[in-house]
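Data first, discussion second: the structure below is written as structure tokens.
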Amino acid sequence: MDEKSESKISWNILDKIIAKFRYVQVDKYIIEDSDVVDIGCGQSGSFLHRHKEKISKGYGFDFKIKDHKTENLIFINNSELDGFPLKNDSIDTIFMNALLEHLDNPEKILLDALKILKSGGRIVMTTPTPISKPILEFMAYKLHIINEMEIREHKHYYSKQDIENLVSNLNQFVPVKLEKYKKFELGVNSLIVIKKM
């Protein structure tokens, strides 16, 4: 089965609708003519493509994407990379949409991200909350209406306290602050904004 067919099977219409709800929360953090990174951009890099007319340059990193460049967007497969091959203090905003819950070592990824982020820049993330776990598992495993593999890859469901602890740990290495924490989609998803001081 080729990659295109596999992608069509694994992402159905409901997955795409859920992704659009996340995008509505984070779109406002796109700054005109800025340099942006999307960590965990997926096979298609859809979030960066959505904003390519507004941003100056966009970099997408994912284990599942092939290295390629299109207009002002550069996509890099980072499955064998340690960190992100960009200049320190060069990026205005970093996005991590529905990625945190998949990471074995989120602190390391965030510290690597903070290296390339400018002072005053933001990491903008969405991640499901603990109450979403039984709902997502039921939808994936019993109803088969969302991507089962994606849900099986979830390592942790983050509460507000978990996020505050994570930011506190980051602060031991880089001065940051939790600028925003907000639940959406009836409390099953959360928006997190971390500012580099």
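Quick notes on this one:
- Relative packing of peptides 115-122, 153-160 - highest average C-beta neighbours within 10 Å first: 115-122, 153-160
- Within-13-Å neighbourhood charge of Pro106 [Cβ basis; K, R +1; D, E -1]: -3
- Normalised Debye scattering of the chain at q = 0.11 Å⁻¹ gives log10 I(q)/I(0) of -0.48, counting only Cα atoms as equal scatterers and leaving out solvent.
- Taking label positions 7 Å along the Cα-Cβ direction at both Glu185 and Phe21, the computed distance is 0.5 nm, reported to one decimal.
- Cα-centre dipole for the chain with unit charges at Cβ (Lys and Arg positive, Asp and Glu negative), debye to 20: 560
- Kyte-Doolittle mean at least -1.0, axial Cα span of 18 Å or more - DSSP H helices of the chain: 13-26
- Placing dummy labels 7 Å off each Cα toward the beta-carbon, the span from Asp67 to Ser90 is 1.5 nm.
Only the coordinates and a few stated rules stand behind these numbers; no lab work does. Not measured: the values here are computed from a predicted model. Counting neighbours? That spans all protein chains shown, and the Cβs are built from the backbone with ideal geometry, glycine included.
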